[in-house]
1. If amide hydrogens are placed 1.01 Å from N in the peptide plane, which non-local residues have theirs closer than 5 Å to the one on SER64?
2. Rounded to the nearest 0.05, what FRET efficiency do ASN90 and ALA67 give with R0 = 25 Å and r taken as the Cβ-Cβ distance? Could you check?
3. What trypsin sites (Lys or Arg not before Pro) does region 1-80 have in DSSP loop regions with at most 11 other beta carbons within 10 Å?
4. Hull surface divided by four, with the convex hull built on the Cα atoms of region 1-79: how many nm²?
5. Describe numerically, in nm with one decimal, the distance between label points set 7 Å from Cα along Cα→Cβ at THR28 and at THR60.
6. Explain nothing, just compute: Karplus ³J(HN,Hα) = 6.51 cos²θ - 1.76 cosθ + 1.60, θ = phi - 60°, for every residue of region 52-67 in order, whole Hz, x for Gly and Pro.
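Bear in mind that the values in this text are calculations on the coordinates, not laboratory data. These figures come from a predicted structure and were not determined experimentally. So basically every Cβ, Gly included, is an ideal-geometry build from the backbone, and we count neighbours across all protein chains shown.
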Amino acid sequence: MSRIDELVSEMCPRGVEIRRLGQVGTFTRGNGLQKKDFVDSGVGCIHYGQIYTHYGTSATATKSFVAPEMAARLRMAKPGDLVVATTSENDEDVCKAVAWLGQAPVAVSGVLTSIRTRSNRNTSPIFFRAATFRTRRQDSSMAPRSSESPARISAE
């Protein structure tokens, strides 16, 4: 049992309600952001590789930026959104989530999905690390895929 699962057992002794993701938020798939688009300053952006190497469960500032003209063509995560990786080199990292808590929207790459949720934005990313979620995801459309075949995160 992971530490997260221990906390759920301790803090929610009667269990937690299981819901479809579409019942707790709206989903927007990123698009078109590549590392070659990075500039020294501009509009903040999150590239999927940074989800694993740079960010924890929340962020208020981005590591990278794109020009405003490029940002205008990209999909954005708004403050309070979860930014979720839909692909990885390994199963463990698929569906790693970061709560975007910055002041302005950020551009997100195509293998990221932003989720606008009504839940606590500081603790929601932790849900994606819980064994309960990871077990249920195995039998769903979010089952881990290789980097060539990303998981499909949907509202279903």
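1. It is CYS45, by chain and number.
2. That pair, ASN90 with ALA67, gives E of 0.15.
3. Qualifying residues, ordered by number: ARG14, ARG19, ARG20.
4. For region 1-79, the mean projected area of the Cα convex hull comes to 7.4 nm².
5. 2.3 nm
6. Taking θ as phi minus 60°, the curve returns 8, 9, 10, 9, x, 7, 8, 8, 10, 9, 9, 7, 10, 9, 10, 5 Hz for region 52-67.
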